[in-house]
Structures are given as structure tokens and as C-alpha cells.
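**Student:** Right, I'll just put the structure down here and ask away after.
The values are calculated or read from the model by the stated rules, or taken from the named source; none is laboratory data. Computed from a predicted model, the values in this text were never measured in an experiment. Heads up, the Cβs are rebuilt from the backbone with ideal geometry, glycines too, and the neighbour counts pull from every protein chain shown.
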């Protein structure tokens, strides 16, 4: 497929070649931001991460992102090595070092750290966590609505690997994405263990039917902050919004479909499994929700 698009597609920015990265208490040039081959994250995907977006000097929904990062670390019994104020200070130090004011994306990553021997047991990570912040000039540049393909890979049960975790272990979603690309789509639509529509490999998923907005129950998807903000703005605006089980039949007959995520906010979907969603263009409800979300981001920046 020659015109492949992703939900994290950004405009090229030459400044990203010279960015500075936070690594274990220091802000270093990009070329020096390296970790050991013995690091738990490299060896085993043993770590958690968080993504944030900078709008006009303000990190959108910062408190919610910090809460999610620390809850994820607690869930995997990982000591980040600093409190929330310390993480925010590191974030701001990285922003200042890069002189970023808006249209930036930060990825905070914490692993269990360097191992003494190359094996699984967490007791072998004895040097403390590895903590890094990658911050890039990043403005979404998604030239058309996204095409999805349903894949056999599912969002699984919490006792295997809880899909609510932003963990470094993303192989299931990567394989889903590969399957979608092989089917000629941009990204994967993943079902839950009961066969209901759940999420994509990278974003939360919504449909619009007869003036109402539907998304999954939330039982098997990432606990998306943008997902929750969309639900919140719909409720505040009087738009019927439902967290429910629904099938591919419901999805194919939708009037609109869109994805949510920190980077792209709300991204329209044009096609699912070769079936066009209405006209294939961004729908009026999606446009309206985008405007409501933009207003919410501005309100969040107020003192």
C-alpha cells in the first residue's frame, strides 16, 4: 500500500535532530541518550510509559497523566524513584532545555532498570529504575481518514496482561498492526474476548449511530484519558454517549467512526474491512466533538 497512514503521523520537523532528552536525572543530547543492553525494558519489555501533549505552554490534563503513570508503576511493583512533583519537574526541565512552547509530544518511560544477569527475575534489577523523557516537536499531519481492518488478535483478559496498562510489552498490538497492514489497512480494529468491538492497536475507538456516540465498555481497552474526555464533553453537551457492547454489524452500519488518543485527539475513520463509513469523510459529530475537546483543552490551561 503506497499511501499508508498512521494515527501518530506528524509533520517533518528538522529541529527533532537536535533535541535533548532526559535520562536518569540529566538532560543530554539525543546521540547520548542510550541505555544498557542489560536494561529490563530492552530485555523483557519490563516497564511503563506515558504520553503527554503540549498546547500553548501547557501539558494537557497533566494530573490525569501523572495519576495513570504512577498507578501503572504501582501495578507492576515498580518504584519510579521520584514523586509526581519530581516527574513534573523533569518534564519541565526537558521542555525548557528544548525551548518548546507548543505542538510538542513527550513520552515518559520507566523501566525496572539494568540487570546484573540477562534473565527474567525482577530481583536481578538492582541498580534502580531507568527513567527517560523523549520530547519532540510534533504536530499531527494525518492527510486523510484512517482505514481499519479487523484482525484475529484480541484485547485480552486482565489476568494475562491487563490491557489497561501502558506497558512496554506491546507485542500483541504490534502483531495486530502488522496484520492490518497485510490486509491493506492503516491500523487494526481489535475485538474483545467475547467478540465485541473494542479498540484499535494504538487508539480508543468510537462510532456514531443516529446521533448517539458509542464506545466499548472499557473492560478490555486502554483507560484512555482522551477517551474519557470525549465521554465527558458529550455528556456536558447533551450528546447521548454509551459505553456498551456492540458488534461489527453495528460498526459497519455506523454513520461515523473516529479514534481517540493523546497525540491525534480525534481522528476520523473512513473505512472498516473494506466497507465505507458513510461518505468516508470526517462526519459532523466528529467535527463537533473535536471543537468541544479543543475548548476543554483551553479550559484545562486556565489557572
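**Student:** Is there a residue in region 275-282 that is assigned to a loop (DSSP other than H, G, I, E, B) and crowded, with 18+ Cβ neighbours inside 10 Å? Even if it seems obvious, please write down each step before you answer.
**Tutor:** Restricting attention to region 275-282, the residues satisfying the condition of being assigned to a loop (DSSP other than H, G, I, E, B) are 277-282.
Narrowing further to those that are crowded, with 18+ Cβ neighbours inside 10 Å: 277, 282.
Yes: one or more hits.
**Student:** Is it fair to say residue 287 is more than 17 Å from the chain's Cα centre (by Cα) and either at positive phi or not in a loop (DSSP other than H, G, I, E, B) (or both)? Before you say what the answer is, go through the steps one by one.
**Tutor:** Numbers: more than 17 Å from the chain's Cα centre (by Cα): yes; either at positive phi or not in a loop (DSSP other than H, G, I, E, B) (or both): yes.
Yes.
**Student:** Turning to a different aspect of this structure: Here are 203, 234: which of them is under 20 Å from residue 107 (Cβ atoms) and crowded, with 21+ Cβ neighbours inside 10 Å?
**Tutor:** Values: 234 fails: under 20 Å from residue 107 (Cβ atoms).
Checking each option against the conditions leaves just 203.
**Student:** Among the listed residues 161, 126, identify the single one that is more than 27 Å from residue 95 (Cβ to Cβ), in the same structural domain as residue 106 (by TED's automatic domain parsing), surrounded by fewer than 19 Cβ atoms within 10 Å (Cβ to Cβ) and out of contact with any strand residue (DSSP E or B) (no Cβ under 6 Å at 6 or more places or on another chain). Even if it seems obvious, please write down each step before you answer.
**Tutor:** Values: 161 fails: in the same structural domain as residue 106 (by TED's automatic domain parsing).
Only one candidate qualifies: 126.
**Student:** Considering only region 249-262, how many residues are farther than 18 Å from residue 210 by Cβ and in contact with a strand residue (DSSP E or B) (Cβ under 6 Å, 6 or more places away or on another chain)?
**Tutor:** Residues in region 249-262 being farther than 18 Å from residue 210 by Cβ and in contact with a strand residue (DSSP E or B) (Cβ under 6 Å, 6 or more places away or on another chain): 3 in total.
**Student:** Sticking with this structure for a sec: Report every pair of residues separated by at least 6 positions or lying on different chains whose Cβ atoms are under 6 Å apart, first residue within region 52-77 and assigned by TED's automatic domain parsing to the domain that holds residue 94 and more than 21 Å from residue 111 (Cα to Cα), second part of a strand (DSSP E or B) and modelled with pLDDT of 95 or more.
**Tutor:** The qualifying pairs are 53/105; 54/104; 59/52; 60/53.
**Student:** Continuing with the same structure: Test residue 193 against the stated conditions and say whether it is at pLDDT 95 or above, surrounded by fewer than 18 Cβ atoms within 10 Å (Cβ to Cβ) and either under 15 Å from the mean Cα position of the chain (by Cα) or within 11 Å of residue 153 (Cβ to Cβ) (or both). Write out each step before concluding.
**Tutor:** Working: at pLDDT 95 or above: yes; surrounded by fewer than 18 Cβ atoms within 10 Å (Cβ to Cβ): yes; either under 15 Å from the mean Cα position of the chain (by Cα) or within 11 Å of residue 153 (Cβ to Cβ) (or both): no.
Judged against the criteria, residue 193 is not a match.
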